[in-house]
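The values are calculated or read from the model by the stated rules, or taken from the named source; none is laboratory data. For clarity, every value in this text was computed on a predicted model and none was experimentally measured. Don't worry about glycine lacking a Cβ; one is built from the backbone with ideal geometry, like all the others, and counts go over all protein chains shown. The accessibility values were calculated without ligands, DNA or RNA, using every heavy atom of the protein model including side chains. Shrake-Rupley method; radii C 1.70, N 1.55, O 1.52, S 1.80 Å.
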Amino acid sequence: LAKTTQPISMDSYEGQEVNITCSHNNIATNDYITWYQQFPSQGPRFIIQGYKTKVTNEVASLFIPADRKSSTLSLPRVSLSDTAVYYCLVGPTSNTGKLIFGQGTTLQVKP
Amino acid sequence: GAVVSQHPSWVICKSGTSVKIECRSLDFQATTMFWYRQFPKQSLMLMATSNEGSKATYEQGVEKDKFLINHASLTLSTLTVTSAHPEDSSFYICSAHTLLQGAGTEAFFGQGTRLTVV
């Protein structure tokens, strides 16, 4: 499973766009990139998943360059409730494949 | 979306006793479930992979005789912490995956169980 590197923490203000970049230099051909959000004392929650280029859903966008060695999670116009830990995971997708979590990025949104 | 439910949400037990945590997939079948533990301000650490109808697969360094896993049905996996000690106090989380339309998978996590051993 490819190792990921993310910033330990980030600060932002309400209404700003936040971009969190994840490095995964050893990503394999059949690996997908997935981001999860975790609030204190809760299980992680799926945010977005992609393989290449750009993926967008109702909460975030995921930008993946052509070499796939990094990815950027973009959160538009964050609010205080987006304060959480964000994890980038890389690996093959299957319903039996295990997930290995890195350290994650603690995002603090300030008023 | 799919729901994974854990029970209990929190439990306090005395040293030396055993505690069972349940993880249920409420609206889908999960042949495989995963168990994690998380210490304060740390990331999730995978403990084991629970396989329906067969033995669990434990990660290196996780004592299989201490953390007993049973996956007797397609919707239920249990983790029993045996002879619990204060150092076992942690946040335990389970998960199961479903396949996304087209490609990829999504992992659904339980709400977690806060275990405190006194």
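Here the label points at A:Lys52 and B:Gln111, each 7 Å from Cα along the C-beta direction, are separated by 4.2 nm in the simple model. In sequence order, segment B:73-89 has phi-based couplings of 9, 6, 10, 9, 10, 10, 10, 10, 8, 8, 6, 5, 10, x, 5, 7, 4 Hz under the Karplus curve 6.51 cos²θ - 1.76 cosθ + 1.60, θ = phi - 60°, and Gly or Pro positions carry x. Eigen-decomposition of the gyration tensor built on the alpha-carbon atoms of chain B gives equivalent ellipsoid semi-axes of 24, 15, 13 angstrom, largest listed first. Exceedance of the 25 Å cut-off in Cα-Cα distance is limited, within the set A:Lys110/B:Lys41; A:Lys3/B:Lys66; A:Lys3/A:Lys110, to A:Lys3/B:Lys66; A:Lys3/A:Lys110.
Stokes-Einstein diffusion for chain A at 25 °C, viscosity 0.890 mPa s, with a Kirkwood radius from C-alpha pairs, works out to 175 µm²/s. Computed with a 1.4 Å probe over protein heavy atoms only, the accessible surface of chain B comes to 49 Å² per residue. Considering only B:Thr78, B:Thr98, B:Thr31, the mean-square fluctuation computed in a Gaussian network model of chain B, springs between alpha carbons under 10 angstrom, is largest for B:Thr98. Residues of segment A:33-49 that bury at least 50 Å² of accessible area when the other protein chains are present, relative to the chain alone (probe 1.4 Å, heavy atoms, ligands and nucleic acids excluded): A:Ser41, A:Pro44, A:Phe46. Count Lys and Arg as plus one, Asp and Glu as minus one, and take only other residues whose Cβ is under 13 Å from that of A:Lys3; the net charge is then 0. Here the dipole of segment A:24-111 is about 60 debye; that uses its Cα centre as origin and unit charges on the Cβ of Lys and Arg (positive) and Asp and Glu (negative). Interface between chains A and B: roughly 1800 Å² of accessible area buried, both sides summed (probe 1.4 Å, protein heavy atoms only). On the principal axes of its alpha carbon atoms, the protein assembly as shown extends 50, 39, 31 Å, with the longest extent given first.
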